[in-house]
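> This is the structure, below, for whatever I ask next.
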Protein chains: 2
Amino acid sequence: MLLLLHRAVVPRVRQACSLRSTPSRLCIQACSTNDSLQPQHFSLNFSGDNSGTKGWRIMGTLLGLGAVLAYHDHRCRAAQKSTPTYTKEEVSSHTTPETGIWVTLGSEVFDVTEFVGLHPGGPSKLMLAAGGPLEPFWALYAIHNQSHVRELLAQYKIGELNPENKVISTWDASDPYADDPVRHPALKVNSQHPFNAEPPPELLTENYITPNPIFFTRNHLPVPNLDPDTYRLHVVGGPGGQSLSLSLEDLYKFPKHEITVTLQCAGNRRSEMTQVKKVKGLEWRTGAISTARWGGARLCDVLAQAGHHLCETEAHVCFEGLDSDPTGTTYGASIPLARAMDPEAEVLLAYEMNGQPLPRDHGFPVRVVVPGVVGARHVKWLGRVSVEPEESFSHWQQRDYKGFSPSVDWDTVDFDSAPSIQELPVQSAITEPQDGETIESGEVTIKGYAWSGGGRAVIRVDVSLDGGLTWQAAELNGEEQRPRKAWAWRLWQMQAPVPAGQKELNIVCKAVDDSYNVQPDTVAPIWNLRGVLSNAWHRVHVHIAS
Amino acid sequence: MLLLLHRAVVPRVRQACSLRSTPSRLCIQACSTNDSLQPQHFSLNFSGDNSGTKGWRIMGTLLGLGAVLAYHDHRCRAAQKSTPTYTKEEVSSHTTPETGIWVTLGSEVFDVTEFVGLHPGGPSKLMLAAGGPLEPFWALYAIHNQSHVRELLAQYKIGELNPENKVISTWDASDPYADDPVRHPALKVNSQHPFNAEPPPELLTENYITPNPIFFTRNHLPVPNLDPDTYRLHVVGGPGGQSLSLSLEDLYKFPKHEITVTLQCAGNRRSEMTQVKKVKGLEWRTGAISTARWGGARLCDVLAQAGHHLCETEAHVCFEGLDSDPTGTTYGASIPLARAMDPEAEVLLAYEMNGQPLPRDHGFPVRVVVPGVVGARHVKWLGRVSVEPEESFSHWQQRDYKGFSPSVDWDTVDFDSAPSIQELPVQSAITEPQDGETIESGEVTIKGYAWSGGGRAVIRVDVSLDGGLTWQAAELNGEEQRPRKAWAWRLWQMQAPVPAGQKELNIVCKAVDDSYNVQPDTVAPIWNLRGVLSNAWHRVHVHIAS
């Protein structure tokens, strides 16, 4: 939660109007806060975005976001003055103390170089917006929506955005990614096509529930644009049962089940493996993990309606996405039938994410959520479900997302020799401070997350300031975990005195789950050619300001 | 499996008669072998041992074991000759190449000093019998029961045991341990009272199923001597149900369920933690783990008959043993009701171990077997079962068998802050070669075991010859593991060339389970004041013969 200066003495202002009203079932609270302000309605991807016809949807979205916070009066006044104007390109080149740090709000441009160090939420969070608009960040943190914040900001105004400076359409019918949704600027992009991005560490553990716009995104293909009215989920019938073709309305008729689940990509923290030896894969840092409250029908209920039962022989539930490559190959994955049919495993066909329809990047209108299991099995834009004697034949089930010995290389790898990743091992990482940062002497605050697969609860996080020689248990925060159903992460923190005279700290964290599994000490012995399952102790080296 | 010289050309001899016939349901095959010889019937503890009245049962047992292999003719001939006689004490003082290595078979004494290096099963296995009788070891390895083995042994005969040299009774009515059963001499004893012992590494992984006589024994109290005819298991009834008082015959009426389960003590490999810093506990090496085929009634069936159902609120099944200390305090432990009631978790009230009634040391007549869970919850000599809102209040549930951060000491420990150990983390160890051993150059054979808690299958064991810099995957042996029910270990082995010119090897192993959890690299960061959960990489340092 952000600190707020003079909060008590500043009168609250009327709620900025939202772009559009949303039906109550679909209402989104974009940020989680203890503040009693009404939530802002901020959504780059909402159900109306998915209404079928392709076309211009990007134009004006970024600038239009100014309306989220609706500085109407202010803007009107500003427009009447004669002030310097800047292009967006000019603004975007001001991101360092040397060039000056500029941001925009609506059409106004501010030089906040001198304010960065005073930012109550910490300099690093304001720096996320450097060179661009504040709106996407303020939408995550409703606390900014107060008059004294605007007054404070007004002091740093240096001009206006050039009114000619409109977003140019990049629509290109031959580009399969041209219709991908607009994303939040805070996301650290690992690849644009397909889109893969993670929230920065500064934001990742600010909220127990990750706001939808910064939830990590792992796409394998272009984002399909599906019409919720014509969408159908095909469920192949079981022996003696019958196949189903379910509309969204049909899915809503199943009992609605809501659970908080952390999703993690198998490649989370791959960048640390790359430092040992090159691997094939996206350079995820610590942010390929996020947590949401998912709502939907239980897979076991849907399968039962199609006539499926648990059988004695091993079987698998295969999922096919509606995302496809130019050859028509769709994304696919599978999970064991035993997990799918176990009501306690709570596998969902989710149509809601944090009280909203799924954003397009997260599978609109329906995705699978498999609590405790690697993200790769949570198939998005779900089109087809079937029960098969074998695992999904898709590339991502058979020839990817498997772990190997460090000795295995691309010449010797035998993908059939390793099981597909399902449950993930225990994991934790430090999100504050960051590697290479200079911190004040006195006391250091260390924050991070911890999670384990298979519903295993995190029972302890040990933190070391001396590279792993001595340890202290951190304080665990976040929701209490249910036995055997600890699907969501624990956030943790520790305040510790910085040992006097110390010039640097080697901060390390490691978590323990309720099977008392622990993280390995080092990366090299778990290195594997695909760079998955990177769960060694997380290490952060910081300097102490003298 | 032992190598056998000239096996094909030596005719098989008639099966040595067993001490007593056993009903077919209780028949024990003491050793597992591919040889087609009939199994020997070898049992230090069989159901007749538990027939109620206390008395002399020890006298003659050790010597009497000679009858297991019944060298009647041989002994008769030997008795007619005038040969030197030796006391058992004299024999037991000959255990090194310097003193000579003596063993006995029946009443005969052999000096096998020169044969040790020629032993087809390896010198270390024969050395286990040095200074004592061969029978307990030959009973484990039926392959010895062939005439050429006896002929070979006869060459080393040096005399007879002194016929006056009888076992002296040590019965002492004031000693609560006086009635403990006789144990196999191969067991490495960590404490006599209560009895705690492990099989030596040489024998531990010789068989996928651990022979009962060398199954590791972890007792907390004296072994009770229970009469199977009057034995009753008290099961407290559930809401609307009724309490049960079950005789053994009553238990036999429930559907019999048989499963192969590995049991591991939480303190297995504690001796490695002690090397980091002193801990409180028995000095287990790598042998506090063993595997048996258990037979019994499923706990869920018995609980259902007593009117118990799975409930929404968290509950626990509490077990009380019939072993007690002088104050009447009995051993106790508990497991979550959800596990107990889950048919897939296969929790047993076991009355058979490898086709035999439970040996006294392993809980005769009934013990709990909780697949995938720490040994401490497998309550032996089971007297009482109840369902409670809280975990067992016993010392061993509340104030022991929990894991803590390395920083926690006996002044700061808060046992309420940590969950009781249930599922155990992934584990592996090397059983061959042994630490400090000198091995031949050329090729080295490395063997060991690997196991994980919670039914998670072992999917890979990596072995390093260079202290962990490079790794190779070992070959996994033993039974195929069932998905989600991998209750038993995998044995593994690897043949590797010894790098030329090498003077020593630092052999290391680490296992991976199907949640891709791995073992931590080092012991110190998982050190805890009770020395439990010691599952760092296992390291063995060996010298290469020049």
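> For the pair B:Trp410 and B:Leu152, what calculated FRET efficiency results from E = 1/(1 + (r/R0)^6), where r is the Cβ-Cβ distance and R0 = 56 Å, to the nearest 0.05?
0.50
> On to the next question. For the pair A:Thr522 and B:Lys277, what calculated FRET efficiency results from E = 1/(1 + (r/R0)^6), where r is the Cβ-Cβ distance and R0 = 22 Å, to the nearest 0.05?
After rounding to 0.05, the efficiency reads 0.55.
> Can I ask one more? Kindly rank A:417-430, A:241-254, B:217-230 from highest to lowest mean number of other beta carbons found within 10 Å of each residue.
Put in order of decreasing packing, that is A:417-430, B:217-230, A:241-254.
> Here's a follow-up. If you take each beta carbon of peptide A:329-340 and count the beta carbons of other chains within 10 angstrom, what is the mean?
1
> Nearest 100 Å², what total accessible surface is buried between chain B and chain A (probe 1.4 Å)?
Adding both sides of the contact gives about 2900 Å².
> What number comes out for the charge environment of B:Thr329, summing +1 per Lys or Arg and -1 per Asp or Glu over other residues with Cβ under 12 Å away?
-3
> Determine which lysines satisfy two conditions relative to B:Lys157: a Cα distance under 27 Å, and not lying fewer than 8 residues away in the same chain.
By straight Cα distance, B:Lys157 reaches B:Lys81, B:Lys88, B:Lys125, B:Lys166.
> OK, next. Calculate how many DSSP beta bridges within region B:85-161 are antiparallel, expressed in % of all such bridges and rounded to the nearest 5.
DSSP beta bridges in region B:85-161 are roughly 75 percent antiparallel.
> For B:Ala496 and B:Asp111, calculate 0.36 nm times their separation in residues minus their Cα-Cα distance, and state this gained length in nm to one decimal.
135.1 nm
> Scale the Cα Rg of region A:85-161 by the rule-of-thumb value 2.2 N^0.38 Å and send over the ratio, two decimals.
Dividing the Cα Rg of region A:85-161 by 2.2 N^0.38 Å gives 0.99.
> Could you pull the copy-to-copy label distances for A:Asp435, with points set 7 Å along Cα to Cβ, in nm to one decimal and sorted shortest first?
Computed spacing set for this position: 3.4 nm.
> If you don't mind, there's one more thing I want to ask. Excluding ligands and nucleic acids, what accessible area in Å² is computed for B:His308 using a 1.4 Å probe, to the nearest 10?
10
> Please give the FRET efficiency for A:His234 paired with A:Arg482, using the beta carbon to beta carbon distance and R0 = 22 Å, rounded to the nearest 0.05.
Rounded to the nearest 0.05, the efficiency is 0.10.
> With the solvent-accessible surface defined on protein heavy atoms using a 1.4 Å probe, which residues belonging to region A:417-434 display a reduction of at least 30 Å² in accessible area in the multichain context relative to the isolated chain?
A:Pro419, A:Glu423, A:Pro425
> Which order do you get for B:Lys125, A:Lys280 if you rank them by accessible area with a 1.4 Å probe, largest at the top?
A:Lys280, B:Lys125
> How well do other chains shield peptide A:401-407, expressed as the mean number of their Cβ atoms within 10 Å of each residue Cβ?
For peptide A:401-407, the averaged partner shielding equals 5.
> At B:Thr329, label 7 Å along Cα→Cβ: distances to the other copies, nm, ascending?
With the label placed 7 Å along Cα→Cβ, B:Thr329 yields 6.5 nm.
> Also, quick follow-up: Express the Stokes-Einstein translational diffusion coefficient of region A:426-544 in µm² s⁻¹, to the nearest whole number, given a Kirkwood radius over alpha-carbon pairs, 4 °C and a viscosity of 1.567 mPa s.
88
> In addition: Put the label 7 Å from Cα along Cα→Cβ for B:Phe393; what are its distances to the other copies, in nanometres, shortest first?
Between copies, matching label points for B:Phe393 lie 6.2 nm apart.
> Same structure again: Between A:Asp301 and A:Glu443, what is the label-point separation in nm under the 7 Å Cα-to-beta-carbon projection?
Label-label distance for A:Glu443 and A:Asp301, simple model: 4.7 nm.
> Then there's this: Mind checking the mean number of beta-carbon atoms from other chains within 10 Å of the Cβ atoms in A:505-517?
6
> Using the alpha-carbon centroid of each, what span in Å lies between region A:85-128 and region B:492-546?
53
> First select every other residue whose beta carbon is under 10 angstrom from the beta carbon of A:Asp400; then total the charges, Lys and Arg +1, Asp and Glu -1.
Overall, the nearby charge balance is +4.
> Something else now. With Kirkwood's inverse mean 1/r over C-alpha pairs for Rh, give me the Rg to Rh ratio of region A:253-410, two decimals please.
Value, to two decimals: 0.98.
> In square angstrom, rounded to the nearest 10, how much accessible surface does A:His234 have for a 1.4 Å probe?
80
> Which far-off residues, 5 or more places away or on another chain, put their amide H under 5 Å from the one on A:Arg482, with H placed in the peptide plane?
Under 5 Å from the amide H of A:Arg482: A:Trp487.
> Rank-order A:523-529, A:360-366, B:481-487, A:118-124 by packing density, defined as the average count of other C-beta atoms within 10 Å over each peptide's residues, highest first.
Result, highest mean first: A:360-366, A:523-529, B:481-487, A:118-124.
> How much of the accessible area of region A:80-166, probe 1.4 Å, is carbon plus sulfur, in whole percent?
Whole-percent figure for carbon plus sulfur exposure: 54.
The values are calculated or read from the model by the stated rules, or taken from the named source; none is laboratory data. Please read all numbers here as calculations on a predicted model, not as lab measurements. Here Cβ is always computed from backbone atoms with ideal geometry, including for glycine, and neighbour counts include all displayed protein chains. For accessibility, only protein heavy atoms count, side chains too; no ligands or nucleic acids. Shrake-Rupley method; radii C 1.70, N 1.55, O 1.52, S 1.80 Å.
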